[in-house]
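Shown next, in structure tokens, is the structure this report addresses.
Here, each number is a calculation from the coordinates, and none is a lab measurement. Quick caveat: nothing in here was measured; it's all calculated off a predicted structure. A quick note on method: Cβ atoms are made from the backbone with ideal geometry, for glycine too, and the neighbour counts reach across all protein chains shown.
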Amino acid sequence: MSAVEIAAAVRSGQQSARSAVEECLSVIEEGDAEVHAFNLVTAAQARTRADEIDAAVADGRDPGPLAGVPVALKDNLCTRGVPTTCSSRILEGWEPPYDATVVEKLHNAGAIVVGKTNMDEFAMGSSTENSAFGPTRNPCDPNRVPGGSSGGSAAAVAAGFASIALGSDTGGSIRQPAALCGVVGVKPTYGLVSRFGLVAFASSLDQIGPFTTTVADSAAVLDVISGPDHRDSTSIRDSLPPVTDTLDDGVDGLRVGVLAELSGDGIAPDVSARLRAAIDALESAGARVAEASVPAAVFGLSAYYLIAPAEASSNLARYDGVRYGLRMDASNTPDMNTATRSAGFGDEVKRRIMIGTYALSAGYYDAYYGKAQKVRTLIINDFASVWEQFDLLVSPTSPTTAFSLGERTADPMAMYMSDVCTVPVNLTGQTAMSVPYGVGDDGLPVGVQVMAPALGESVMFRAAAVLEASLR
Amino acid sequence: MAALARLELTDEELDRFTGQLDELLDHVAEVEALDVEGLPPTMHALPIANLLRPDTPGEVLDRDEVLSQAPVAENGQFRVPPILGEAP
Amino acid sequence: MSADTLDVPGLGAPADTEWETVVGLEVHAELATETKLFSASPNRFGGEPNTHIDPVSLGLPGSLPVLNEKAVELAIRVGLSLNCRVQPSIFARKNYFYPDMPKDFQISQYDQPINVDGWLELPSGKRVGIERAHLEEDTGKTVHIGGGGRIHEAGYSLVDYNRAGVPLIEIVGHPELRSAEEARHYVTELRSILVAVGASDGKMEEGSLRVDCNVSVRPLGIDRLGTRCEIKNVNSLRSLGRAIEYESRRQIDQLISGHPIEQQTRHWNEDDGRTHALRSKEEDYDYRYFPEPDLLPLDPSAEWVEQIRQALPVLPRDRRQSLAEAAPTVEADHIALAVERSMDELALAAISGGGPSERVMTHVIQNLADGVGMLSPESLASLVAMEEAGELTATQAKKVLAVLVESGGSPQKAAQSLGFEAMDSGELETLVDGLISEHPDEWSRFCEGDNKLTGFFVGQVMKTTQGRADGKAVTQLLNARRG
Ligand SMILES: [Mg+2]
Ligand SMILES: [Zn+2]
């Protein structure tokens, strides 16, 4: 059952929230030993919450639009009194004294948290292999990665462990695993969803978004978690009209651009074929399709791999062994800081802290960080002129289907190339989502990326709904 | 660079990272060739400004709850080994 | 002249060289807000350790800063009262590891501060340039356990984050001060401005006002600046003066003995009265400043700034000017003192109520140091009028003033209750004539020009009248009789 269906059944009293949760917990029990989507399953709290929802229904109180829907949270979303690790040794055992805004909103909407999902440590990675607690496997093929960094969340939804999962997307960390696991994944416009309570990786790029099995479910979740929040300065102060309201409006007359720079070189032929099929589906639904070009988009990856590590190097300085998390003993504080960080962070985190420290250091700032921020402007300007001609852009979400575990771990550059299609919109703040669109030659899922200008969620979801329907 | 980031790398890590970082820096060096003269840097993708909060006191954290998460606490405070010197 | 002496002003100078001390000050003031700069926990001095904390001021993962509107308003008030340009600004991260910094970076303003290019006028009339006055957050506090509480010898340290995130304004002055005394005047004046506009309580003893001073020396007449040292830990006006004097002497001695000054950060030690090297310029830390991505640009509207400007109180400088205009013959430092003690309003009202300005200011400076109590400007005005008319002597007026401060009321009534009835001139003449005939020898010596005897006769009159007579009137009368 989809999230929307579960909520309808629970709200109408046809199904109890408790039974929805029990069903979910038993699927987890059966399957997660192999998949390892979860760092922690919060079964007891989930049951308690389910009973509260059922009591509300029995009392005739409104249990919320997502009543009884099991939800999995990426383990970088703060949950009060529940360990939040970012899949890092350095935060192992840390219990935040507060809930993230999105967690609060989901809770108030009646959704039930069933656990915290595995991820690349501090969201740095594209395969969920950089977790201190071991990799997550792709439910479609256990020898393949689920993508990352929100691989646990994508896998949880794909495996039926939860109807909804939240992830965070800094350079593609929702869309790429969604594509690789065959589910819907959305990166909202920067500022549309509050980041309060999201453990920061790269503050100017991070956004929280949903994973679901259907487009309508993602729309429902987005309508719940979006909106202004006075605890996040970068939160957009106006609310968007509900995306759900216009979901079925179709794409007739919409101008759709195929983003040339992200759809040609380096894209696997079977992935390209699925993109072609998606384009045909949009065209037969009345969209006007043409090629679009954003020349600067090819520099997205380079700008991203300077900006994100720079911000991360500063965001991750606080893990120093003084206030929370891991501490390694040493005879003085500087040595204690160093020992703690050296033992607590994994390779990829160390690599990015090093790059970021370098990019910000005196003498290199202008050449690296400063330059990257200007390249960002260039990409924004290029996109701005494309948006004068198009309502939407499409591209593959990932250049390939899911790769094998261990295939790219020794070669960071190959791993970084997995993000080539997804990174540009993080730099521009625009919204984008991945819609599953069939399978490749290996029988593994392929995702199509739909992009819209900032706050263009409504139009983007209309196209996603058309694509989804065309497969039925 | 490692010292500035309070990281200590083993020789093995250093060997591995150096090559990887060089490769990345080679790749990102492509931005150096771009002509972005006169373009302002983008710090925020969206052109918004001035979010201000009224000066009204709100909730404080419970000290015991916070200190229960501390690696070492003493007398209501966070305990650290000798600091050695003043802040830079 | 060697190459060295060309590069380094004063290096190897003869012992009798005249030197000039050059001082530039960086003042950090805690802003008088209810809450912290980026979060809603209270901004309050003292309290049990780690009780004024919230996720932001503790740097917890997932926490985000949100800027306090009042802190911005206070910063603008400071900027405007220091004649700065208020401009669009951004916050930056200053990255360094230190246990009192919850995030291991400080949110400060770097290349685009809110206030720039101002000046502050000292009571002497000299203007000192203000480079910038920017917003930033304070750090927590550490106490060092063992080793006598000294950081270097301590066994371990304890950290309290109550102060972390308290809003600070950092006011950076140009190196235009030329002595320890001028530096003290600068800080005094700056503090009066901060207090006057309600930006800070200005308490140096509680650390809400902290001064770092950059000191260099050069032979008088040389334009180039010498190498400076920055002195930290100056906790009072007195130690500010002492530290600058010590440091400039140290630098002069070193230059005379042929050793160039090394650019250093130095620590003032109140106990031994010396500055000690903390670290040199070569150890300069790489702070890796970059724009704070979690905060938006700050661009206060012209209307808001104008509204803040309109609501500013009259500043000490303008108050001094008004008082100086009303009391043109009174010395500048007395005017400044009256303003510093916030007695200028009383003085102005008394003067405009008809009180002669010099007499008003005499009371304000000499007799009202402990406050004005119940004294109203009207009674001060009529008190000095009575003095002027010879109805009260200076000594009597002082006693009357004490009564007025204590319990208010009119000076006439107070004088009466003290038994200070003015003598009429007839009574005084009779008394003086009597004394002349009682002391013929003294009178003839006085008539021969021995003026010391004025004191003798005035003393006799005072004795007889128990101080009721006006000494000046007696002297006049004696001179008139002598012819
Ligand atoms: Mg400074
Ligand atoms: Zn400062």
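Given R₀ = 60 Å, FRET efficiency for residue C:18-residue A:298 by Cβ-Cβ distance, to 0.05? Mind showing how you got there, number by number?
On the way: r = 67 Å, r/R0 = 1.11.
After rounding, the FRET efficiency stands at 0.35.
Taking chain C as the reference, fit the longest principal axis to its C-alpha atoms, fit the long axis of helix C:425-438 to the helix C-alpha atoms, and give the angle between the two in degrees, 0 to 90, nearest 10.
70 degrees
Could you check the simple spin-label distance between residue B:18 and residue A:288, using points 7 Å along Cα→Cβ, in nm with one decimal?
Distance between the two pseudo-spin positions: 5.9 nm.
Which peptide among C:403-409, A:330-336, A:311-317, C:23-29 comes first, and what is the full order, when sorted by highest mean count of other Cβ atoms within 10 Å? All intermediate terms of the calculation are to be shown ahead of the outcome.
Values: C:403-409: 15.7, A:330-336: 17.4, A:311-317: 26.4, C:23-29: 22.6.
Going from most to least packed, we get A:311-317, C:23-29, A:330-336, C:403-409.
Once R0 is set to 60 Å, what does the formula 1/(1 + (r/R0)^6) return for the Cβ-Cβ distance between residue B:48 and residue C:358, expressed as a FRET efficiency to the nearest 0.05?
Efficiency for this residue pair is about 0.50.
Take every residue in peptide A:231-244, count the Cβ atoms of other chains within 10 Å of its Cβ, and give the average of those counts.
Per-residue shielding by partner chains comes out at 4.
Between residue C:206 and residue C:153, what length in nm is gained on full extension when 0.36 nm per residue of separation is reduced by their alpha carbon distance?
16.6 nm
Let me see the pair-distance distribution of region C:1-149: every alpha carbon pair, 10 Å bin width, integer percents in order.
9, 28, 25, 20, 13, 5, 0
How far is helix C:471-482 tilted, in degrees, relative to the longest principal axis of the Cα atoms in chain C, given as a value from 0 to 90 rounded to the nearest 10?
40 degrees
What is the mean number of Cβ atoms from other protein chains located within 10 Å of the Cβ atom of each residue in peptide C:67-73, rounded to a whole number?
Partner-chain Cβ atoms within 10 Å, mean over residues of C:67-73: 4.
So how far apart, in nm, are the two label points at residue C:85 and residue C:305 if each is 7 Å from Cα heading toward Cβ?
Computed distance between label sites residue C:85 and residue C:305 equals 0.9 nm.
Please express the Cα-Cα pair-distance distribution P(r) of region C:425-482 as a list of whole percents, one per 5 Å bin, running from 0 to the bin with the greatest distance.
Over region C:425-482, the share of Cα pairs per 5 Å bin runs 4, 20, 37, 26, 11, 2 percent.
Enumerate by residue number the trypsin sites (Lys or Arg not before Pro) in region A:38-84 meeting two conditions: DSSP loop (anything except H, G, I, E, B), and at most 11 other Cβ atoms within 10 Å of the site's Cβ.
Passing both the DSSP loop test and the Cβ count: A:61.
In which sequence would C:96, C:287 go, from the one with the fewest C-beta neighbours within 10 Å to the one with the most?
So the residues, fewest neighbours to most, are C:96, C:287.
Residue by residue through region C:150-161, what is 3J(HN,Hα) from phi via Karplus (6.51 cos²θ - 1.76 cosθ + 1.60, θ = phi - 60°)? Round to whole Hz and write x for glycine and proline.
Karplus-based 3J(HN,Hα) across region C:150-161 equals 8, 4, 6, 9, 5, x, 6, 9, 10, 10, 10, 9 Hz.
Region C:244-273: which GluC sites (Glu not before Pro) are DSSP loop and have at most 16 other beta-carbon atoms within 10 angstrom?
For GluC sites (Glu not before Pro) across region C:244-273 that sit outside H, G, I, E and B with at most 16 neighbouring Cβ atoms in 10 Å, the list reads C:262, C:270.
Given axes a ≥ b ≥ c from the Cα gyration tensor, I'd like to know whether the protein assembly as shown is rounded (a/c under 1.5), prolate (a/b larger than b/c) or oblate.
prolate
Would you please give the residues with an amide H less than 5 Å from that of residue A:255, counting only those at least 5 places away or on a separate chain, with H modeled from the backbone geometry?
Close amide H contacts, sequence-distant or interchain: A:288, A:391, A:392.
For a quick protection proxy, order the peptides A:362-368, C:358-364 by their average other-Cβ count within 10 Å, most packed first.
C:358-364, A:362-368
Fully extended, how many nm does the chain gain between residue C:322 and residue C:277 (0.36 nm per residue separation, minus their Cα-Cα distance)?
11.6 nm
Taking the 0 to 90 degree range and rounding to the nearest ten, how far is the long axis of helix C:377-388 tilted relative to the main principal axis of chain C, both from C-alpha atoms?
The answer is roughly 40 degrees.
Mind checking the full-extension length gain between residue C:482 and residue C:181? Use 0.36 nm per residue of separation minus the Cα-Cα distance, one decimal, nm.
Working: separation 301, 0.36 × 301 = 108.36 nm, distance 5.10 nm.
Going from the current span to full extension adds 103.3 nm.
Would you mind ranking C:152, A:36 by Cβ crowding within 10 Å, fewest neighbours first?
Arranged by neighbour count, lowest to highest, C:152, A:36 become C:152, A:36.
Between region B:23-88 and region C:402-472, how many Å separate their Cα centres?
77 Å
Can you put A:418, C:342 in order, fewest other beta carbons within 10 Å first?
Final ranking by Cβ density, sparse to dense: C:342, A:418.
What FRET efficiency do you get for residue A:407 and residue C:254 if R0 is 60 Å and r is their Cβ-Cβ distance, rounded to the nearest 0.05?
E(calc), rounded to 0.05, equals 0.40.
Rounding to the nearest 20 debye, state how big the charge dipole of the protein assembly as shown is about its Cα centre with +1 on each Lys and Arg Cβ and -1 on each Asp and Glu Cβ. Show your work: numbers first, answer last.
On the way: 87 positive and 149 negative charges, 215 e Å.
Computed about the Cα centre, the dipole is about 1040 debye.
With n ≥ 4 as the cut-off for DSSP H runs, can you work out [θ] at 222 nm for the protein assembly as shown, using -39500 (n - 2.57) per run divided by the number of residues, rounded to the nearest 500?
For the protein assembly as shown, the value works out to -11500 deg cm²/dmol.
Which lysines have a Cα less than 28 Å from the Cα of residue A:350, not counting those fewer than 8 places away in the same chain?
Leaving aside lysines fewer than 8 places away in the same chain, those within reach of residue A:350 are A:74, A:116, A:187, A:371, A:374, C:94, C:103.
Rounded if a/c is under 1.5, else prolate if a/b beats b/c, else oblate: with a ≥ b ≥ c from the C-alpha gyration tensor eigenvalues square-rooted, which is region C:216-375?
oblate
Nearest-5 percent of antiparallel DSSP beta bridges in the protein assembly as shown?
80 percent
From Cα coordinates alone, what are the radius of gyration and Dmax values for chain A in angstrom?
When restricted to the Cα atoms of chain A, Rg and Dmax are 21.0, 70 Å.
Between residue A:265 and residue B:87, what is the label-point separation in nm under the 7 Å Cα-to-beta-carbon projection?
Using points 7 Å along Cα→Cβ, the separation is 4.8 nm.
How well do other chains shield peptide A:71-80, expressed as the mean number of their Cβ atoms within 10 Å of each residue Cβ?
Average per residue, whole number: 1.
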